[in-house]
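A quick write-up on the structure given underneath.
The values are calculated or read from the model by the stated rules, or taken from the named source; none is laboratory data. Given the structure is predicted, the values throughout are model-derived calculations rather than measurements. Reconstructed Cβ throughout: ideal geometry from the backbone, glycine too, with neighbour counts over all protein chains shown. SASA here: full protein model, heavy atoms, side chains in, ligands and nucleic acids out. Shrake-Rupley method; radii C 1.70, N 1.55, O 1.52, S 1.80 Å.
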Amino acid sequence: MSQQPATLFDKVWDAHVVRKIEDGPDVFFIDRHFIHEVTSPVAFLGLENRRLQVMFPNKTFATADHNTPTINQHLPVSDPLSANQLKALETNSAKYGISHWGLGNPKNGIVHVVGPENGITLPGMTIVCGDSHTSTHGAFGAIAFGIGTSEVEMVLSSQCIMQPKPKKMLINVNGKLGKGVTPKDVVLYIIAQLTAAGATGYFIEYAGEVFREMSMEGRMTVCNMSIEMGARGGMIAPDETTFAYIKGREKAPQGEAWDKALAYWKTLKTDEGAAFDIVYDYAAVDIEPQITYGTNPGMGMGISQRIPTAAAAGGSKASYEKSLDYMGFHENDAMLGKKIDYVFIGSCTNGRIEDFRAFASIVKGRKKADHVTAWIVPGSHIVEAQIREEGIYDILTEAGFQLRQPGCSACLAMNDDKIPAGKYAVSTSNRNFEGRQGPGARTLLASPLVAAAAAVTGVVTDPRDLIA
Amino acid sequence: MAYDKFTVLTSTAVPLPIENVDTDQIIPARFLKATERKGFGDNLFRDWRYNNDDSPKQDFVLNNPIYSGKILVAGKNFGSGSSREHAAWAIYDYGFRCVVSSFFADIFKNNSLNIGILPVQVSPGFLDKIFLAVEADPKAEITVDLGNQSITIAATGESESFAINSYKKHNLMNGYDDIDYLQAMKEDIQTFAAKSIY
Ligand code: SF4
């Protein structure tokens with residue numbers, strides 16, 4: 001019997017449906033569940049109120065990241081509310097037998113960095129976490145997306161959630177990326193084309209030469225920001241790059257289990273002729289280093305361009321004007337040369353070793369601009385150790401930068417790392433919403449190369465001008 | 001957490017004609033430090049609602065006493081951004097039971113349904129009609145009838161139907177939630193899990 005051609009997404013989704021409810025969602029089985037301190041406490045309270053147990057404690061992994069300080073992590077956390085949340089995660093994990101990498105643990109770091117780097121994230125899995133950037137794990141050919149706290153409680157108590165199956169979108173990017181154009185630029189470009197809501201209701205597969213040639217770190221950066229165009233998630237078919245990345249990581253399968261898993265993983269690709277609900281094709285040559293100028297990630301453009309007019313940008317004029325007003329920008333302004341105050345490199349979007357290598361490649365032999373405050377925050381302790389081993393630490397120090405300790409930090413400004421009101425920050429994170437990086441903060445999203453160029457010049461600068 | 005049943009809601013509405021209202025506006029991250037689901041309504045739209053010195057911003061709609069009610073009407077792409085259910089909690093805790101928009105972000109829509117808020121997606125044209133009706137008369141009432149899947153502007157009698165799957169509709173009308181459903185099928189889940197290679 002010949003099978004209908006299926007997409008990668010169909011293959012993984014359909015293999016996880018425990019029950020289909022007529023005119024309702026699918027009961028959807030979850031292979032891996034990540035939890036952190038902010039979105040889990042109320043779920044655990046719910047379990048207690050209903051007197052439920054955790055059904056499969058070995059499928060859930062806890063790490064503290066959103067609310068942790070990025071200096072002096074050896075000292076007690078000074079904010080009592082934050083300390084209380086961290087304590088709750090520790091207590092709940094211990095109580096229900098869930099593995100917990102808290103503050104000070106050498107495996108600790110941002111949930112979407114530590115999952116992959118420890119081999120917890122694998123192809124063909126379904127992965128959820130109470131954090132929208134769970135889409136990151138799609139880089140491995142997993143179906144991964146963010147959930148709310150009620151759903152965290154569902155996964156804890158039954159290892160399932162109720163999900164309607166999203167529609168399927170294919171995004172092809174072919175050709176070769178130019179000098180200074182990184183995975184972050186590719187995804188910011190796609191979001192600018194599709195808008196911040198353009199993929200709502202869809203699950204994306206990224207395909208084409210650009211993604212085939214991309215490292216796992218780069219693929220994670222791209223999948224991470226799928227949510228910024230409204231998609232539930234995005235995924236990339238696993239290939240030799242994926243398998244090489246996973247092999248030998250602590251929790252990855254080994255020996256016979258590896259061979260068996262590998263044979264399965266190799267079937268995880270979209271069949272010839274499989275149908276998508278919508279397809280977009282982009283050319284690598286059209287993508288230059290990107291920067292955002294507004295208050296949602298869809299308000300981005302090539303760094304050498306001028307801010308579009310409301311009419312050219314589309315959407316409501318009032319909302320557009322409100323946004324530019326918040327940013328202190330005007331239609332037709334050039335972004336190049338605008339003075340900036342802060343630089344943040346880090347987050348689950350760009351807090352991996354490759355990102356710090358890129359940052360250091362520009363910073364090397366230069367000095368931090370005097371008026372710039374830079375927060376350099378590795379995604380995990382493992383990344384931090386790599387930064388030191390590879391000599392990046394020395395390059396940073398010589399240029400006048402300091403390395404902080406791992407955590408979400410200024411990505412969401414829940415800890416003390418807040419950009420002050422009115423200040424401009426070039427940030428490698430994923431959201432430029434009003435107040436995201438601190439009340440009144442003005443965020444320009446960009447790649448680690450653009451962040452580095454701004455950090456040494458003090459103004460928005462095209463990194464291609466600084467690359468030898 | 002159990003919630004009140006939702007059947008028919010007739011109420012005045014609070015208009016927020018802004019597009020792309022994201023979850024960081026609905027509830028900024030610095031208010032997510034609680035370990036209990038309490039008091040989030042006080043910080044709903046915190047930075048639009050209050051100045052730095054905690055005095056209310058006069059021009060924000062929640063501070064305008066002529067508007068009130070259990071229905072929030074917002075511009076398109078409402079609830080984009082983070083998965084924080086706290087955003088839906090804040091809206092519920094403030095007293096809203098229904099959010100109307102021409103477009104919702106996925107996770108926000110799911111979270112709302114899971115805690116007993118009904119997200120009603122209407123056409124852009126009907127959304128404008130609601131904004132106009134409320135602007136003309138802040139006491140204009142809107143009726144949301146879940147059983148009939150219809151939304152009506154009382155003053156003009158204009159009405160539109162909205163979509164919701166029958167499973168979620170049944171849950172909302174009876175105050176059931178997904179956890180009850182999943183608990184009742186634990187055996188099937190156990191059997192399914194036994195076959196998993198992970
Ligand atoms: S780094 Fe930012 S986006 Fe990533 S998990 Fe932390 S808060 Fe969420």
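Remarks
- Model label sites at B:K186 and A:E240, defined 7 Å from Cα along the beta-carbon direction, differ in position by 4.9 nm.
- Checking the Cα-Cα distances for A:K167/B:K168; A:K20/B:K70; A:K247/A:K364 against a 29 Å cut-off, the pairs over it are A:K20/B:K70; A:K247/A:K364.
- Pairs exceeding 32 Å between alpha-carbon atoms, taken from A:K339/B:K57; A:K59/B:K76; A:K184/B:K76; A:K87/B:K186; A:K368/B:K57: A:K59/B:K76; A:K368/B:K57.
- Less than 5 angstrom separates the built amide H of A:L445 from those of A:T292, A:S427, all sequence-distant by 5 or more or on a different chain.
- Oblate is the label for the range A:44-124, because the ratio a/c of its alpha-carbon gyration tensor axes (a ≥ b ≥ c) is 1.5 or higher and a/b is not greater than b/c.
- Exercise: per-residue mean of other protein chain Cβ atoms within 10 Å, B:32-45: 4
- Unit charges at the beta carbon, dipole of the range A:389-468: most positive-side option, A:P448, A:C408, A:G438: A:G438
- Residue (of B:V144, B:G125, B:G175) at the positive-pole extreme of the range B:58-198, dipole from beta-carbon charges: B:G175
- Rounded to the nearest 10 degrees, the angle from helix B:124-136 to the longest Cα principal axis of chain B is 40 degrees.
- Computed 3J(HN,Hα) for the range A:297-313, one whole-Hz value per residue from the Karplus formula 6.51 cos²θ - 1.76 cosθ + 1.60 where θ = phi - 60°, is x, x, 8, x, 6, x, 4, 8, 7, 10, 4, x, 6, 4, 5, 5, 6, glycine and proline marked x.
- Pairwise FRET efficiency - A:L336 versus B:H170, Cβ, R0 = 56 Å, nearest 0.05: 0.50
- Charge dipole magnitude, Cβ of K and R +1, D and E -1 - chain B, Cα centre, debye nearest 20: 300
- The residues packed around B:I179, meaning those with a beta-carbon under 11 Å from its beta-carbon, carry a net charge of -4 if Lys and Arg are +1 and Asp and Glu are -1.
- Where a label projected 7 Å from the Cα of B:S196 along Cα→Cβ would reach, residues of the range A:111-128 with amide N under 16 Å: A:120-128
- When only the Cβ of Lys, Arg, Asp and Glu is charged (+1, +1, -1, -1), the dipole of the range A:340-461 relative to its Cα centre reaches about 260 debye.
- Averaged over A:39-45, number of beta-carbon atoms from partner chains that fall within 10 Å: 4
- With K and R counted +1 and D and E -1, the other residues having a Cβ less than 15 Å from that of A:T457 yield a net charge of +3.
- Among A:I376, A:H133, A:N296 - extreme Cα towards positive end, dipole of chain A, charges at beta-carbon: A:I376
- Among the residues of A:16-29, the average count of other protein chain beta-carbon atoms within 10 Å of the residue beta-carbon is 4.
- For the range B:1-65: accessible area per residue (Å², 1.4 Å): 47
- Using 0.36 nm per residue and subtracting the Cα-Cα separation, the extra length available between A:Q73 and A:T373 on full extension is 105.9 nm.
- Taking GluC sites (Glu not before Pro) across the range A:198-271, the ones in a DSSP loop with at most 15 further Cβ atoms lying within 10 angstrom of their Cβ are A:E213, A:E250.
- Within the shell of other residues whose beta carbon sits under 14 angstrom from the beta carbon of B:T152, the net charge comes to -3, with Lys and Arg scored +1 and Asp and Glu -1.
- The protein assembly as shown: C-alpha gyration tensor shape, a/c 1.5 cut-off, then a/b vs b/c: rounded
- Database remark: amide H of A:R306 closer than 5 angstrom to no amide H (H placed geometrically; neighbours at sequence offset of 5 or more, or on other chains; Pro and chain starts carry no H).
- Classified by the C-alpha gyration tensor, the range B:86-154 has a prolate form. Its axis ratio a/c, with a ≥ b ≥ c, is 1.5 or above, and a/b is larger than b/c.
- Long-range HN-HN contacts of A:N118 with modeled amide H, under 5 Å: none
- Remark: chain A carries a charge dipole of roughly 380 debye about the Cα centre, counting +1 on each Lys and Arg Cβ and -1 on each Asp and Glu Cβ.
- Sequence-ordered 3J(HN,Hα) estimates for the range A:387-402 from the Karplus curve with 6.51, -1.76 and 1.60 and θ = phi - 60° stand at 4, 6, 4, 7, x, 5, 4, 5, 4, 5, 5, 4, 7, x, 9, 10 Hz, glycine and proline given as x.
- Nearest-0.05 FRET efficiency for A:A468 and A:S304, computed from C-beta distance (R0 22 Å): 0.65
- The string of couplings for the range A:253-269 from the Karplus curve (6.51, -1.76, 1.60, θ = phi - 60°) is x, 10, x, 4, 4, 4, 4, 5, 4, 4, 4, 5, 4, 5, 8, 8, 8 Hz, one whole number per residue in order, with x for Gly and Pro.
- Note on A:A257 and A:T397: the extension gain reaches 46.0 nm, defined as 0.36 nm multiplied by sequence separation minus the Cα-Cα distance.
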